[in-house]
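The values are calculated or read from the model by the stated rules, or taken from the named source; none is laboratory data. Everything numeric here is computed off the predicted structure, so don't read it as measured data. All Cβ positions, glycine included, derive from the backbone under ideal geometry; neighbour counts span all protein chains shown.
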There are 2 protein chains.
Amino acid sequence: MATGEKRKYKVIGTRPLRHDGVDKLTGRAQYGADIRLTGMLHGVVLRSPHAHAKIKSIDTSAAAALPGVRAICTSADFPDQVGRIVELGEGAVNMRHLSANVMAHDKALYKGHAVAAVAADSIHIAEEAAKLIKIDYEPLPPVMEVLGAMRDDAPLLNDDVRMTEMGTVKPETKPSNVAAKFLFTKGDVTAGFAKADIIIEREFRTATVHQGYIEPHNATVLWNADGKVTVWMSTQGTFTARQQTAELVGIAVSDVKVVPMEIGGGFGGKISVYLPPVAAILSRKSGKPVQIQMERAAVFEATGPTPGSFMRVKVGATRDGKIVAGEAWIAFEAGAFPGSPIAPGCMCVFSCYDIPDARVEGYDVCVNKPRSNAYRAPGSTQVAFAMETVVDEICEKLGVDAAEFRIKNGAKEGTRRVDGPVYHRIGMIETVEAIRDSEHYQSKLTGPNRGRGIATGFWFNAGLKSAVVATVNLDGTVSLIEGSTDIGGSRTGIAMQLAETLGIAAEAVKPQVADTDSIGYTDVTGGSRVTFATGIAAVEAAKEIQKQMVERAALLWEVDSASVKYEDGKVIGPAEKSFSFAELAAKIHEVGGAVIGHGTSSSAEQGGAFGTHCVDVEVDPDTGKVQILRYTIAQDAGTAIHPSYVEGQMQGGVVQGIGWALNEEYFYDDKGVMRNATFLDYRIPTCYDVPMIETIIVEVPDPAHPYGVRGVGEVPICPPPAAIANAIHAAVGVRMRDLPMSPPKVCAAVMQKK
Amino acid sequence: MATGEKRKYKVIGTRPLRHDGVDKLTGRAQYGADIRLTGMLHGVVLRSPHAHAKIKSIDTSAAAALPGVRAICTSADFPDQVGRIVELGEGAVNMRHLSANVMAHDKALYKGHAVAAVAADSIHIAEEAAKLIKIDYEPLPPVMEVLGAMRDDAPLLNDDVRMTEMGTVKPETKPSNVAAKFLFTKGDVTAGFAKADIIIEREFRTATVHQGYIEPHNATVLWNADGKVTVWMSTQGTFTARQQTAELVGIAVSDVKVVPMEIGGGFGGKISVYLPPVAAILSRKSGKPVQIQMERAAVFEATGPTPGSFMRVKVGATRDGKIVAGEAWIAFEAGAFPGSPIAPGCMCVFSCYDIPDARVEGYDVCVNKPRSNAYRAPGSTQVAFAMETVVDEICEKLGVDAAEFRIKNGAKEGTRRVDGPVYHRIGMIETVEAIRDSEHYQSKLTGPNRGRGIATGFWFNAGLKSAVVATVNLDGTVSLIEGSTDIGGSRTGIAMQLAETLGIAAEAVKPQVADTDSIGYTDVTGGSRVTFATGIAAVEAAKEIQKQMVERAALLWEVDSASVKYEDGKVIGPAEKSFSFAELAAKIHEVGGAVIGHGTSSSAEQGGAFGTHCVDVEVDPDTGKVQILRYTIAQDAGTAIHPSYVEGQMQGGVVQGIGWALNEEYFYDDKGVMRNATFLDYRIPTCYDVPMIETIIVEVPDPAHPYGVRGVGEVPICPPPAAIANAIHAAVGVRMRDLPMSPPKVCAAVMQKK
């Protein structure tokens, strides 16, 4: 439910049927695996059985001799990328690493690392052929944990990785597993702690966890005889996938066309490409289209989970409940190649509070796990777990209410973050107030082994680039094409903003996600940016349509267009002349061609999103099982375009956060082999594990968006582990500082306390 | 070869590889028949065995009971259209007739008329089921010929057809087969003929002929559960097909999305829809996608050939070779429903000449043949055959050179046509001069039974509406989407105009034809309008890109954009700053989002196109076979964008004209059954029948287009029958006035003369 404020808008804030709903309900939505092309081959990727091994030789001759095998590819088929750093939409990327992750070069760096691939007439022949590829490995000792990997005597994964400090490498730095160090400071942290009456310093660990999207990665690629490559795939960003694929196979970006299929979940994990360059090479070599689909085990073992971490957080406060200083030391497991979200982790750890003196030090560390990747507010959930349980402990020690403490110390407009930026209008405190005032928080929780916890979380929300083109149909509808792949309902959210601006019904807009040849450059669907940034582009497009509709009306009425205005879905001229949008749409061809509007947005800066969660748990002291009794989330959506979607994002994020908190982890044996790479053993929450998540939409409009939108997709995953840990403490008196808080760990902690 | 003038342009006038060439050469281009959808059914249309019959009842029960049959459709499934007149892009259409042509209502009006359709799990089941449909027909006498159909006692086809005169129906007009009368006059024709020293009046007949495109009609339709309909098809106009389909099944246009597949020829015959509404109804009833493909016999018997005709043309001239008056009486066979191109036929008959006094009367007449449709310069070839042989006879009688006579009497800027319009700059006389001065015309033709003829032809060329959207890629290429389906290479021709305007290479533009949801309204690919009108839209889009590129450069240089200009493919700023297009394209994202330009064109009026042909033939007097020895075409292309395409259009039009002249005809038995509905028996020219057609591109730029383009696709089909008839006369002294001039007819004429 949105807060009580009277609705300013006609379309925004309503809940129309989603435009893609019927297709998905009837099973007609086309996903990557549904593509069938004439003469299409099936590809299989052969993966390393070792977590760390030198690849001494690869003999593909027996596989190549198998009837029905059409092409084999190894790293030798990819262009050399040594030393290439390329700007890939969201940052500079080491292309050697990206390429070696797609297909191992001289070393396999994790179990499941791709080492070769086969395309054949059938999937069965391809699988058979993959088994015939002989690889001579020299196994090396793996290093599976971040602190171990930082030791000087740790096995070295990449001999071209030298630690950067805030982006630059000092001379004489030797190769190591530590790829990057970040340091952010604000004020004088020593002086700050000197003012504290209470200081809490704790260490935390979080496991590697996966996004767990339903749909495995897939790619179908045709490398045509003219050198043009078409890719059909499940991706969060067609243009990013296009560029990555082009760079990895060594052709121009405009020679690659990425056709977005429906996407069965991404959560950050479908930004990096894995299969398209491999399928492209196999298509080039075979002259036929090639389709590769990952199995679930490959998704776990060889795509990008969120990093495991080690964190030390220290917070000082005065007796009257004011935070005076904070210090954090954070190390994230990058996986096989550098690139963990350590920088945002460092920026987020103190981001919910107004702390005068702070210092954060962070490390990006390679270990023999798959290269980590974005997962909903990347890096923020880990640090929120650490910070928010320390805050809870301070509140406990000081005997102050956890909500009031957060309201007193909360970040607000004008607060400067440890990494520098100063917030403009944000709603952190409003979300805590919403929880504090909620029926849930005000209710009494009774019964043994039950407890309540709260926690707050933050995510930046990105702006980046989006493009939209919209065309008026004669029947008064508007066709809209956009470059943002639709994961969470953005077709509807963008259509609604266009509809609001034109003053027409949401249903009168027909949104469609276009391929990379058919729409302007659009950054990934990620960073909670789409409803914000693609929305801005849609509003721009609508304004251009307004302008043209005014001109057409002026031509029809034979009046000066300056005397005509667009207002409230109507075109109004002199002498009480007026057209509804649909009336005028039916006549536009009498005085011209198509009415087309386009809009782009670029780098508009979102204000950031905050959410505060409240959870009640019951702990079984005999088994350590934690049951979620009740869960309420209050989150600042700026302006909720489609409240059902906002609630869905909030609920989905919470459920993923609960899984991360209580059960999910990559469980490795001592050889670095993941032993639970199936959904039977890697336990994500089911409907038996979670109650209906209650939602409170807080609306503090973001002045950077014409309708005040803030992205809502990511921040709901941040607070759950901390909120649940705080609730467990309230229930059974133990502080859990190691994720997941699975039954064995909780049980052990309870036993130890007894 | 283009004329010698120094090239003004960098891209225009060159011959880059066609963008769709590799796809077509490798067989990867996707045509309508290549579409495969999950759960797709196959449809078969049951067609009338009678040329004229009342449908007393249809019993589908046995067919419905056949296992594997999923849906059956008859006219009862279509909404009632009685009295509906709808504006369909190029004119008002009687929807009752359009609907009854797609699926016969109470009467079958031609052999092959659709009466029912079945969708089943396989094409074999569907065929079997179609045979089980029992239809009780009451056969009626057919009327197969235009003059017979005009008689008062002729069998009446449609009881709702009453003759319109110049668009309106006089009171008390009774139903008849004559649907329309047109009358155009200029000056005083009686007074004109009084000035003549010589008057020639002749009667002509032409047969029904088909466009003969390689690819049969097809449609694959999914009527989704939300009421949205997607159509994949071969069409000359996605938006026209969208509207026709929507109107015929009774839903909103924006509920239909037409996805254009590659098109294997159209020539005017793929504008009307036949299969999409039927497949749509079958999909709605079955809940599954349905594909229907026509067999060749259905293409001949049930699509839209060009009308057979009867014509009487009378021309008067003075002794010194000046035409003083012209009169024509023309009747075209509309086929089963009104709508022959009788109006353009009337407008074209005297269009090549400056005739002071003229009168043209024309009739649109229903006969029991498939509803006629556009075929390359619809109506103009028939009348050119009549007029140009009369002109030849006048030249013969006066003893003047056929080229000089045409130059003396030719239409030029300022000439008023019999239907009213006054020509602006045209190139009729220049094409005759080009032929007169050609090596061919100047050469001596020797040998028995050999002769040379010339003839001139005209086509209006249309403007109508087009839309283009273009986006700059970071690698300096531009993606272009357009709504014009590409039959004759227009992707390349439009890309070249965009490239010329931007000063980049043709290959740097990536054109793509978009579906109706992805681009603004665009009229059919027809009327020789695409290179002209869609070209104008592309130039507009390029200019918008120029403007934005200038603004981006100004931002990058931090100068006022007024000090920056776009020139010759470069963006030039103050102090000798400059960017090439590609250099700036790589930097646009530093200062903004995507650079997108869109352009539309609407109703720009083309100047009209003319061509003059010269042909040498040899007639075998014993068999009547006419062999084409040499053929040269000179045609005004305004400005030839891609000369190879222009030549290809000229050659293709000539070859179709040769087929029409010598062999092609619908051969009916006395029951109105076409006896030659296969390509074995309906004889279109093969490479054994025609020499290499020599081409002379004349370039008289059309001031209505920024680069002077005139459409070139249609006019080349107009002169061949007349030119060949004139050549036959020169060879063996007989005047052929009945098309086709097939061996039996020529033989009979030669025998009779002897």
_Being crowded, with 23+ Cβ neighbours inside 10 Å, modelled with pLDDT of 95 or more and under 20 Å from the mean Cα position of the chain (by Cα): is that true of residue B:229 here?_
no
*Six or more apart or on different chains, Cβ under 6 Å: which pairs go from a residue in segment A:457-484 that's more than 9 Å from chain B (Cβ to nearest Cβ) and surrounded by fewer than 24 Cβ atoms within 10 Å (Cβ to Cβ) to one that's polar (S, T, N, Q) and not in a strand (DSSP E or B)? Could you list them?*
A:463/A:603; A:463/A:606
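So that you can scan it fast, the table gives a plain yes or no per residue for (1) within 14 Å of chain B (Cβ to nearest Cβ); (2) of a type in the set (Lys, Arg); (3) surrounded by 24 or more Cβ atoms within 10 Å (Cβ to Cβ):
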position: A:583; (1), (2), (3): no, no, no
position: A:591; (1), (2), (3): yes, no, no
position: A:601; (1), (2), (3): yes, no, yes
position: A:608; (1), (2), (3): no, no, yes
position: A:613; (1), (2), (3): no, no, yes
position: A:633; (1), (2), (3): no, no, yes
position: A:646; (1), (2), (3): no, no, yes
position: A:652; (1), (2), (3): no, no, no
position: A:663; (1), (2), (3): no, no, no
*Among residues belonging to segment A:29-43 that are in contact with a helix residue (DSSP H, G or I) (Cβ under 7 Å, 6 or more places away or on another chain) and farther than 15 Å from residue A:123 by Cβ, point out the one that is surrounded by the most Cβ atoms within 10 Å (Cβ to Cβ).*
A:29
*In this structure, does residue B:77 turn out to be away from every other protein chain (no Cβ under 14 Å) and either out of contact with any strand residue (DSSP E or B) (no Cβ under 8 Å at 6 or more places or on another chain) or surrounded by fewer than 18 Cβ atoms within 10 Å (Cβ to Cβ) (or both)?*
yes
*Quickly run through segment A:184-240 and pick out the residues that are farther than 30 Å from residue A:522 by Cβ and of a type in the set (A, V, I, L, M).*
A:189, A:191, A:194, A:196, A:198, A:199, A:200, A:207
*Restricting the first residue to segment A:344-361 and requiring it to be assigned by TED's automatic domain parsing to the domain that holds residue A:429, which pairs with a second residue that is crowded, with 24+ Cβ neighbours inside 10 Å meet a Cβ separation below 9 Å and a spacing of at least six or different chains?*
none
*If you scan segment B:66-93, which residues turn out to be modelled with pLDDT of 95 or more and either acidic (Asp, Glu) or more than 22 Å from residue B:291 (Cβ to Cβ) (or both)?*
B:76, B:77, B:79
_residue A:80, sole failed condition from (1) under 33 Å from the mean Cα position of the chain (by Cα); (2) part of a helix (DSSP H, G or I); (3) free of Cβ contacts under 8 Å to residues at least 12 places away in the same chain_ = (2)
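The rows are residues; the columns are (1) on the phi > 0 side of the Ramachandran plot; (2) within 14 Å of chain B (Cβ to nearest Cβ); (3) among the charged types (D, E, K, R).
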residue	(1), (2), (3)
A:504	no, yes, no
A:508	no, yes, no
A:512	no, yes, no
A:518	no, yes, no
A:528	yes, no, no
A:532	no, yes, no
A:542	no, no, no
A:546	no, no, no
A:558	yes, no, yes
*strands (runs of 3 or more DSSP E) enclosed by segment B:526-626 - at least 2 residues per element that are within 36 Å of the chain's Cα centre (by Cα)*: B:596-602, B:609-619
_Residue check, residue A:384 surrounded by 24 or more Cβ atoms within 10 Å (Cβ to Cβ), of a type in the set (A, V, I, L, M, F, W, C), within 30 Å of residue A:667 (Cβ to Cβ) and at pLDDT 95 or above_ = yes
*asked:* I'd like to check something: does segment B:211-220 contain any residue that is farther than 30 Å from residue B:672 by Cα, buried (at least 24 other Cβ atoms within 10 Å of the Cβ) and not small (Gly, Ala, Ser)?
replied: yes
*Any idea which of (1) buried (at least 24 other Cβ atoms within 10 Å of the Cβ); (2) more than 29 Å from residue B:370 (Cβ to Cβ) is the one residue B:747 doesn't satisfy?*
(1)
*Breaking point among (1) away from chain B (no Cβ under 14 Å); (2) among the small types (Gly, Ala, Ser); (3) in contact with a helix residue (DSSP H, G or I) (Cβ under 6 Å, 6 or more places away or on another chain), for residue A:447*: (3)
*Conditions: (1) in contact (Cβ under 8 Å) with a residue 60 or more places away in the chain; (2) away from chain A (no Cβ under 14 Å); (3) surrounded by 24 or more Cβ atoms within 10 Å (Cβ to Cβ). Residue B:492 meets all but one. Number of the miss?*
(2)
*For segment B:473-496, name all the residues that are farther than 21 Å from residue A:469 by Cα and outside any loop (DSSP other than H, G, I, E, B).*
B:490, B:492, B:493, B:496
*Hey, does segment B:174-187 have a residue that's in contact with a His (Cβ under 9 Å, 6 or more places away or on another chain) and touching a residue at least 40 places away in the same chain (Cβ under 8 Å)?*
no
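For every residue, the table says whether it meets (1) surrounded by fewer than 20 Cβ atoms within 10 Å (Cβ to Cβ); (2) free of Cβ contacts under 8 Å to residues at least 12 places away in the same chain; (3) part of a loop (DSSP other than H, G, I, E, B).
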position	(1), (2), (3)
B:9	yes, no, yes
B:13	no, no, yes
B:16	yes, no, yes
B:45	no, no, no
B:51	no, no, yes
B:54	yes, no, no
B:67	yes, no, yes
B:96	yes, no, no
*asked:* Filter segment A:18-28 down to the residues that are at the interface with another protein chain (Cβ under 8 Å from one of its Cβ atoms) and surrounded by fewer than 17 Cβ atoms within 10 Å (Cβ to Cβ) and list them by number.
replied: A:21, A:22, A:25, A:26
_Can you tell me which condition residue A:670 does not meet? The list is (1) surrounded by fewer than 22 Cβ atoms within 10 Å (Cβ to Cβ); (2) farther than 23 Å from residue A:335 by Cβ, and all the others hold._
(2)
*Among (1) under 22 Å from residue B:492 (Cα atoms); (2) buried (at least 19 other Cβ atoms within 10 Å of the Cβ); (3) of a type outside the set (A, V, I, L, M, F, W, C) - the single one residue B:552 does not satisfy*: (1)
*Just a yes or no: is a residue in segment B:694-714 over 30 Å from residue B:19 (Cβ atoms) and surrounded by fewer than 18 Cβ atoms within 10 Å (Cβ to Cβ)?*
no
*Those residues that are farther than 21 Å from residue A:85 by Cα, hydrophobic (A, V, I, L, M, F, W, C) and touching a Phe, Trp or Tyr at 6+ places or on another chain (Cβ under 7 Å), I need them from segment A:230-265; list them, please.*
A:259, A:261
*Identify the residue in segment B:495-538 that is of a type in the set (Asp, Glu) and under 30 Å from residue B:579 (Cβ atoms) and, among all such residues, is surrounded by the most Cβ atoms within 10 Å (Cβ to Cβ).*
B:500
*For residue B:735, all conditions in the list (1) in contact (Cβ under 8 Å) with a residue 24 or more places away in the chain; (2) part of a loop (DSSP other than H, G, I, E, B); (3) within 28 Å of the chain's Cα centre (by Cα) hold save one; what is the number of the exception?*
(3)
